[in-house]
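Undergrad: Dumping the structure here so I can ask a few things about it.
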């Protein structure tokens, strides 16, 4: 687990040069804390491995869409992968460039297409013939030609959780491999579309390289067929999904992963093509933590509970995926350790953040939930009318609020009661 930006100094967790205790005291809890250094290090692992190759990095906005996080990547020269016009607006507000944006997603509506075309995005990753028809019509209505690649479903098992597996026949994503060649012929015949590439994304939290190589081999086989039909393919988008260490996982090194795929594509005789990577979790996941305060310690007949002020509305992954996040005290103390389920105050039995954790804690202690930089705040909600947490970016010895904590009155400011 690359958590060097979140290390203990004299028994106290620090985010870079700032103690977690001071962050919690200043900004309150629950609190998402991101490290600029960790974000930079992870992105540069991709960028350095791509240097001198025909390879480009597009950060997946859905993993963490905070403007400050996106701005860190934009300053480093990143492109972006989006799945909504809202994410496009965030990228532009954060200093990203539309010409470095690829627009993915299975259900783009016409207005989103129109906005993306007007902005001048690099490419639309299209997932069905009805979507091709819609994009062709929208492009025609504003006198533009839309650059497209098809997201092909290669039916490769990524060996990950079924909820985050996206490249199997049973998944909703992409064009079936058996139908892809004909679908490319359909796309090439549409007057307001320009076929520029091919795309696949087989899943998330993948910890082996072999599924990517299997998918790439199937894509390259298809590329040769498409070009035999007279349509040139200029880029191959291998998607994202590389995993991180939450517990004991051992994903490949980012640089090794990128080099292995690029070398494989080159060895297959396709080194002249551009290759796109779309990392999300692997550049943000271990660059963030969630700080939470222990409200009560509640012993039970079968379980001991550490009730904290963060909940499933703040970090949905444990309840949604049964996901593991390392949890530990932010200050090491000499008290007897016990086994606890770490749970929140939300009125659901599914509101848990960690089960059967050995923790040496007392009521009032500060806990750190690791690996919360991806799919943390972006998946949070206001369930139980709970304001969403604040987000802070640490840069060396400085901490900056990059999203203010919501207030309860903000949550119903757009609501109204019936007249009379």
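Values quoted throughout were computed directly from the atomic coordinates according to the rules given, and no laboratory measurement underlies them. None of the values given here were measured: they were computed from a predicted structure. Because the Cβ atoms are built from the backbone with ideal geometry, glycine has one as well, and the counts that use them run over all protein chains shown.
Undergrad: With everything on Cα atoms, drop me the angle between helix 177-188 and the longest principal axis of the chain, reported from 0 to 90° to the nearest 10.
TA: Rounded to the nearest ten degrees, it is 60.
Undergrad: Can I ask one more? Kirkwood Rh over Cα pairs of the range 231-292 into Stokes-Einstein at 37 °C, 0.692 mPa s: D in µm²/s?
TA: Taking Rh from Cα pairs, D becomes 242 µm²/s.
Undergrad: To check you understand DSSP bridge types, tell me what percent of the beta bridges within the range 105-277 (both residues inside) are antiparallel, rounded to 5.
TA: 5 percent
Undergrad: With an 8 Å cut-off on Cα pairs and a minimum separation of 6 or more residues, tell me the relative contact order of the range 1-88 in percent.
TA: It comes to 21 percent, rounded to a whole number.
Undergrad: Once you keep just the Cα pairs under 8 angstrom separated by 6 or more residues, what percentage relative contact order results for the range 280-383?
TA: 41 percent
Undergrad: While we're looking at this one, here's another question. Angle between the Cα long axis of helix 129-141 and the longest principal axis of the chain, 0 to 90 degrees, nearest 10?
TA: Helix 129-141 and the main axis of the chain meet at about 80 degrees.
Undergrad: Using Cα centres only, tell me the gap between the range 16-39 and the range 54-90 in whole Å.
TA: Comparing the Cα centres of the range 16-39 and the range 54-90, I get a distance of 22 Å.
Undergrad: Compute the length gained on full extension between residue 382 and residue 416: take 0.36 nm times their separation in residues and subtract their Cα-Cα distance, giving the result in nm to one decimal.
TA: 10.5 nm
Undergrad: Express the relative contact order of the chain as a whole percentage, based on alpha carbon pairs under 8 Å and six or more residues apart in sequence.
TA: Dividing the mean separation by the residue count of the chain yields 19 percent.
Undergrad: Quick one: helix 254-265 against the long Cα principal axis of the chain, what's the angle to the nearest 10°, folded into 0 to 90?
TA: The helix 254-265 is inclined about 20 degrees to the chain.
Undergrad: With N set to the number of residues, divide the alpha-carbon radius of gyration of the range 328-388 by 2.2 N^0.38 Å and report two decimals.
TA: Compared with the compact-globule rule of thumb, the range 328-388 sits at 1.27.
Undergrad: Among 83-92, 187-196, 123-132, how do they line up from the highest to the lowest mean number of other beta-carbon atoms within 10 Å?
TA: 123-132, 83-92, 187-196
Undergrad: Along the Cα-to-Cβ line of residue 274, 7 Å from the Cα, sits a label point; which residues in the range 137-154 have backbone N less than 13 Å from it?
TA: Of the residues in the range 137-154, 147-149 have backbone N under 13 Å from the label point off residue 274.
Undergrad: Got a sec? Which residues in the range 340-384 would a label at residue 407 touch, if it sits 7 Å along Cα→Cβ and we count backbone N under 17 Å?
TA: Answer for the range 340-384: none.
Undergrad: Would you mind computing, in nm to one decimal, how far apart the modelled labels at residue 189 and residue 333 are, each placed 7 Å from Cα along Cα→Cβ?
TA: Label at residue 189, label at residue 333, 7.1 nm between them.
Undergrad: Also, I was wondering about something else. I need the shape label for the range 284-420. Rule: rounded when a/c is under 1.5, else prolate if a/b > b/c, else oblate, with a, b, c from the alpha carbon gyration tensor.
TA: Oblate, since a/c reaches 1.5 and b/c is not below a/b.
Undergrad: Which value at 222 nm does the chain reach when only helices count, each DSSP H run of 4 or more adding -39,500 (n - 2.57), with the total divided by all residues and rounded to the nearest 500 deg cm²/dmol?
TA: Calculated at 222 nm, the ellipticity per residue is -8500 deg cm²/dmol.
Undergrad: Out of all DSSP beta bridges with both ends in the chain, state the antiparallel percent to the nearest 5.
TA: Antiparallel bridges make up about 50 percent of those DSSP assigns within the chain.
Undergrad: Mind checking the full-extension length gain between residue 229 and residue 53? Use 0.36 nm per residue of separation minus the Cα-Cα distance, one decimal, nm.
TA: Length gained between residue 229 and residue 53: 60.6 nm.
Undergrad: If you don't mind, another one. May I ask for the percentage of alpha-carbon pairs in the range 42-152 that lie more than 17 Å from each other?
TA: In whole percent, the share of Cα-Cα pairs in the range 42-152 beyond 17 Å is 52.
Undergrad: A further question on this structure: Given the C-alpha atoms of the range 105-277, compute the convex hull and give its volume per residue in Å³.
TA: Taking only Cα atoms, the range 105-277 has a hull volume of 118 Å³ per residue.
Undergrad: Please compute the length gained on full extension between residue 221 and residue 134, using 0.36 nm multiplied by the number of residues separating them and subtracting their Cα-Cα distance.
TA: 28.5 nm
Undergrad: A further question follows. Looking at the range 272-398, what % of its DSSP beta bridges pair antiparallel, to the nearest 5?
TA: Around 85 percent antiparallel, to the nearest 5.
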